[in-house]
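Novice: Structure in structure tokens, see below.
The values are calculated or read from the model by the stated rules, or taken from the named source; none is laboratory data. Note that the structure is predicted; figures quoted are calculated from it, not measured. FYI the Cβ positions are ideal-geometry reconstructions off the backbone, even for glycines, and counts take in every protein chain you see.
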Amino acid sequence: MNDRSSGPRDRSRMPAGSHLALSVLLALAWLLLQGSVAVPHLITAAVLGWGLPRLTAGFLGPALQPRRMRTVVRLAAIVLWDIVVSNLTVARIVLWPGADPQPAWVRVPLQLQHPGAISLLATIITNTPGTVSCVVDEERGEILVHALDCQDPEALAAQIKSRYEQPLREIFG
């Protein structure tokens, strides 16, 4: 018997929708970088969007399959809002002569089990100015976060869990 499920993934047998979001983002990014929707740029965008995810399939792993698109949109809005607010907060800390930031290491216990969702949570935390996710401790089931200014580490952990982890749990189960 030839069981292909235990061997390396055959790129030619990838489902048509695998990494569809990545394909669309790559194509759109190409078009934005070119500043044009001329036919040659559209063709190149399509080739890049179709080809790159297939060439890198072994590195990407399985595509994330979100279950609740409304929650995805709500989480995206929350993350964008938090990035704007955090940028202003960090600018105030950096530019204000009397600022006295209180840096802290914060341990955030995780209920997430999906590796892709945990990676997405770490990315969200790192992309929010003033915080950086440093370690995902799988044995303890927590993520270690460094905050530039944190008066109450427990409150920050609770905020991360409610604003980011809970929606991710709804999205990825």
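Novice: Can you say whether Ala117 is at pLDDT below 95 and assigned to a helix (DSSP H, G or I), as far as the supplied structure shows? Step through it out loud before you land on a result.
Specialist: Numbers: at pLDDT below 95: yes; assigned to a helix (DSSP H, G or I): yes.
Taking the combined requirement at face value, the residue satisfies it.
Novice: Turning to a different aspect of this structure: As an exercise: evaluate Trp50 against (1) within 19 Å of the chain's Cα centre (by Cα); (2) of a type in the set (A, V, I, L, M, F, W, C); (3) part of a helix (DSSP H, G or I) and give the number of the one condition it does not meet.
Specialist: It fails just one condition, (1).
Novice: If you check Ala77, Ala38, Ala99, Ala91, which single one turns out to be over 30 Å from Leu148 (Cα atoms) and small (Gly, Ala, Ser)?
Specialist: Working: Ala77 fails: over 30 Å from Leu148 (Cα atoms); Ala99 fails: over 30 Å from Leu148 (Cα atoms); Ala91 fails: over 30 Å from Leu148 (Cα atoms).
Testing whether each residue is over 30 Å from Leu148 (Cα atoms) and small (Gly, Ala, Ser) leaves just Ala38.
Residue-wise test of (1) under 30 Å from Gly173 (Cβ atoms); (2) surrounded by 12 or more Cβ atoms within 10 Å (Cβ to Cβ); (3) modelled with pLDDT under 90; (4) in the same structural domain as Val145 (by TED's automatic domain parsing).
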| site | (1), (2), (3), (4) |
| --- | --- |
| Pro8 | yes, no, yes, no |
| Ser23 | yes, yes, yes, no |
| Leu26 | yes, yes, yes, no |
| Ser36 | no, no, yes, no |
| Gly51 | no, yes, yes, no |
| Leu95 | no, no, no, yes |
| Gly98 | no, no, yes, yes |
| Pro101 | no, yes, no, yes |
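Novice: Take the residues in the range 134-163 that are without any contact (Cβ under 8 Å) to a residue 60 or more places away in the chain and part of a loop (DSSP other than H, G, I, E, B); name whichever of them is surrounded by the fewest Cβ atoms within 10 Å (Cβ to Cβ).
Specialist: Per the stated criteria, the residue is Glu139.
Novice: Next up: What number of residues within the range 132-147 satisfy the criterion of being modelled with pLDDT of 90 or more and either hydroxyl-bearing (Ser, Thr, Tyr) or not assigned by TED's automatic domain parsing to the domain that holds Ala158 (or both)?
Specialist: Qualifying residue count for the region: 0.
Novice: Could you list, in sequence order, all residues of the range 124-133 that are touching a residue at least 12 places away in the same chain (Cβ under 8 Å) and over 18 Å from Gln113 (Cα atoms)?
Specialist: Pass one, the range 124-133, residues touching a residue at least 12 places away in the same chain (Cβ under 8 Å): 124-125, 127-133.
Asn127, Thr128, Pro129, Gly130, Thr131, Val132, listed by residue number.
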